[in-house]
Each structure stands twice: as structure tokens, then as C-alpha cells.
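> My structure is below; once you've seen it, I'll send some questions.
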Ligand SMILES: Cc1ncc(C[n+]2csc(CCOP(=O)(O)OP(=O)(O)O)c2C)c(N)n1
Ligand SMILES: [Mg+2]
């Protein structure tokens, strides 16, 4: 019988607070720490600008990831470029950390085909909106890498709600059985739209699910970018060394609406949100870097300005795209399209031309 260790319940942390001193991560020098800061600020800027663009009617419904940036930046920094990323809608802009232009992601949220990137260009799979269906895809890709004796590993991001879905179970189980080099990264923001984590599972902690798949589980503070980096690096090293998958539960609290179409005041604990916003991840990392003497206001200002510029260019480029051909709505849907498609398309063209 395989020996399975109980999953760890204690939250791993590196960044200190009033009661705990700052720790440090072995192997990260000052320039690595600043690069990580650049990434977390780029994601924060993307997110905040996107909410504004949405309000201005320039992008469609948008899934806000404010205070999720540490989970995304920390984990991506633990990867190599050959490693594959499988994002959910909550990680829509994670490709930016692989050099994807902001215009591409903004176009995706504009429903424009210039937002459809080729996954092989960045080793970033398409954004998955159905909950958890990308977990088996990621497990399959990772298993394939193992069978071909390639070095690459895969990471798949999903939420607490996804752990109640069949596809999460199938993917995690398959990865465990095949020893696939996969990191299962669960952003536990404690809400699945309006469903709280207490209605999601009877398990004491989501990380306990790892035990059922016979794989190691790590629990980490999701608003601590350095702890997330360290935990993911450990999981990636194990996967690359043939040690199979790891389940990471990154614990946080959703401090923004689920998406721009949601009003959480109807169900969320507003005081808790206020508390959590005080310890949001970008400010916490900034505080750490300042205490360490690595970051001052002029460097921070320059990094913020670069990110704001990238977003200004991004929305201008996305809006400069010519409108998509409406035929795309019908093309590739059926081998033998119904006859009505022709007249539907004609009608749509007539409406769009404003005649
Ligand atoms: C298969 C499926 N069922 C239902 C939905 C509707 N839906 C969209 S987001 C969401 C909540 C998911 O919550 P969680 O997995 O915790 O991720 P979070 O949004 O909190 O990051 C649901 C149920 C969906 N997209 N896909
Ligand atoms: Mg959630």
C-alpha cells in the first residue's frame, strides 16, 4: 500500500505582520523580488483598468481578480516558459506574465476573435469558463509530457467551487494514478458566486481532498505572493523530478464582486470584506519590499507607470481592430449547417449595417 501523508492544514506564510516577523525565500535575489513586483502590479493594473473599461462600455462582463494577483504572479514565477498554464476565467490575464499583449486579453473580453490566441504560442491554454472542465485537459497534457519524457509540467487554476465538480475529481484522480507532472492550484476565495465554502464541502479544509487522490497537499496564504511562490516551486520541482501531482490550496477571501454583473452586498459579509481589503496582496508585498530596503517610491512609481502605459496601449490596440465578421457566429458550428443559417446571417448583417 502506498503511504499517504495527511495534508497540511497550517497556512504557509513568508510575509510578516504585527505579530510575526518577515521571512525570506531561499534563491530569490533582489532583481527576482522586483520582477515579481512588476508582475503583481501589472496584474493589479490590468484588473483595475478593466473594471473602468467595463463601466465605460468598452469591454463586456468581466471577472474581477482583485486580491487574487499574488496567487497568479507567485505561482507563474515558479514555472519555466516550457511549462503549461491552464487558466479559468479568474486568471484571464495570466498570459500577460508570458508576454501576451494586453490587447489580446482585452479583445477576449470584448468578444472579438483577435482575443483567441494560439495556446502553443505562449504555452497558455484557452481561458476556461465552464467550471473545472479544464482539469482533465491539464492532467492529460501533463501525462502526455511524462509519456514523451519531456521536462515540462502543467499547472491548472480553479476555484473552491470547482472542487465540487465531477471533472475536477476525474482530472485530479487521473493525474494521481498516472503520476502526471501537474500542479492543481485551487484559489479558495471562499465563494462560488453566492455559495459559501461551508455549503460547498463538509471537509475541514479543501487541501484534505489531496489525501483521497494519494497526492501531497499544501495549504498556503493566497495573499502572500512569496509563500505562494515557494509552495508552487516545491510542487513544480516534485513534478519535474517524477514525483507526480500536488494539490495546492491557496486561501484567500473574495473582496470584489464575482464579476461586473454581480452585487455581492445581497449575500457577503461586508465587514469581513473591509478587513480583508486592509491586508490585500499587493500592499502586503510592497510593505515587505520596503522593509527589506529593495523598493522605494520612485521604483514603485516607475513600475506602476509602465503597467498603466501598457494598458492604455492595450485598449487602444483592441479598439483599433476592425469589427469581426458576423459569419464567425455560424461558421464551424455544424458539418452540415441548417438552411436557416444563411438567412439568419443575412438578417444579422442587415441589422449590423443599420439599414
Ligand atoms: C459547469 C459550470 N456550472 C456552472 C457555471 C456557472 N458558474 C460560473 S462561475 C461559478 C462559480 C465558481 O466558483 P469557484 O469555482 O469558487 O471560482 P471563483 O469564481 O470563486 O474563482 C459558477 C457556478 C459554470 N460556469 N460552469
Ligand atoms: Mg471561489
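The values are calculated or read from the model by the stated rules, or taken from the named source; none is laboratory data. For clarity, every value in this text was computed on a predicted model and none was experimentally measured. Please note: Cβ atoms are built from the backbone with ideal geometry, for glycine as well, and neighbour counts cover all protein chains shown.
> If you go through the stretch 189-199 one residue at a time, do you hit one that is within 16 Å of residue 254 (Cα to Cα), within 19 Å of the chain's Cα centre (by Cα), away from ligand 1 (no atom under 11 Å from the Cβ) and assigned to a loop (DSSP other than H, G, I, E, B)?
For the stretch 189-199, residues within 16 Å of residue 254 (Cα to Cα), within 19 Å of the chain's Cα centre (by Cα), away from ligand 1 (no atom under 11 Å from the Cβ) and assigned to a loop (DSSP other than H, G, I, E, B): absent.
> Out of the stretch 53-91, which residues are within 15 Å of ligand 2 (Cβ to nearest atom) and not in a strand (DSSP E or B)? If you could, list the steps in order and put the result at the bottom.
The initial filter retains those residues of the stretch 53-91 that are within 15 Å of ligand 2 (Cβ to nearest atom), namely 63-68, 71-72, 87-91.
Within the stretch 53-91, 63, 64, 65, 66, 67, 68, 71, 72, 87, 89, 90, 91 qualify.
> Being under 16 Å from the mean Cα position of the chain (by Cα), more than 20 Å from residue 234 (Cα to Cα) and in the same structural domain as residue 287 (by TED's automatic domain parsing) is the requirement here; does residue 52 meet it?
no
> Now for a separate question. Name the pairs: first residue in the stretch 331-355 and on the phi < 0 side of the Ramachandran plot and surrounded by 11 or more Cβ atoms within 10 Å (Cβ to Cβ), second residue at pLDDT below 90 and assigned to a helix (DSSP H, G or I), Cβ to Cβ under 8 Å, at least 6 apart or on different chains?
Here the result reads 345/329; 348/329, each pair linking the stretch 331-355 to a residue that is at pLDDT below 90 and assigned to a helix (DSSP H, G or I).
> Checking residue 154 against (1) within 15 Å of ligand 1 (Cβ to nearest atom); (2) within 15 Å of residue 86 (Cα to Cα), which single condition isn't satisfied?
Single failed check for residue 154: (1).
> Please work out which residue is surrounded by the most Cβ atoms within 10 Å (Cβ to Cβ), limiting yourself to the stretch 285-304 and to residues that are out of contact with any helix residue (DSSP H, G or I) (no Cβ under 8 Å at 6 or more places or on another chain) and touching a residue at least 24 places away in the same chain (Cβ under 8 Å). Write out each step before concluding.
In the first step, residues of the stretch 285-304 are kept if they are out of contact with any helix residue (DSSP H, G or I) (no Cβ under 8 Å at 6 or more places or on another chain); the result is 287, 290-291, 293, 297-298, 301-302.
Those left that are additionally touching a residue at least 24 places away in the same chain (Cβ under 8 Å): 287, 291.
On the way: 287: 16, 291: 13.
My answer is 287.
> Do we have residue 36 as under 15 Å from residue 284 (Cβ atoms), at pLDDT 95 or above and assigned by TED's automatic domain parsing to the domain that holds residue 99 here? Walk me through how you get there before you give the answer.
On the way: under 15 Å from residue 284 (Cβ atoms): yes; at pLDDT 95 or above: yes; assigned by TED's automatic domain parsing to the domain that holds residue 99: yes.
When the stated conditions are applied, residue 36 passes them.
> Condition test on residue 120, is it free of Cβ contacts under 8 Å to residues at least 12 places away in the same chain, part of a loop (DSSP other than H, G, I, E, B) and either within 27 Å of residue 59 (Cα to Cα) or within 16 Å of ligand 2 (Cβ to nearest atom) (or both)? Lay out the reasoning, then the answer.
Numbers: free of Cβ contacts under 8 Å to residues at least 12 places away in the same chain: yes; part of a loop (DSSP other than H, G, I, E, B): no; either within 27 Å of residue 59 (Cα to Cα) or within 16 Å of ligand 2 (Cβ to nearest atom) (or both): yes.
No.
> Now for a different question. Please state which one of 237, 204, 170 is away from ligand 2 (no atom under 16 Å from the Cβ), within 20 Å of residue 10 (Cα to Cα) and either outside any strand (DSSP E or B) or without any contact (Cβ under 8 Å) to a residue 40 or more places away in the chain (or both). Spell out how you get there, then give the answer.
Details: 237 fails: within 20 Å of residue 10 (Cα to Cα); 170 fails: within 20 Å of residue 10 (Cα to Cα).
Unique residue meeting the criteria: 204.
> OK, next. Tell me which residues, restricted to the stretch 86-102, are more than 16 Å from ligand 1 (Cβ to nearest atom) and either under 14 Å from the mean Cα position of the chain (by Cα) or surrounded by fewer than 24 Cβ atoms within 10 Å (Cβ to Cβ) (or both). Outline the logic, then answer.
First, the residues of the stretch 86-102 that are more than 16 Å from ligand 1 (Cβ to nearest atom): 95-102.
Result: 95, 96, 97, 98, 99, 100, 101.
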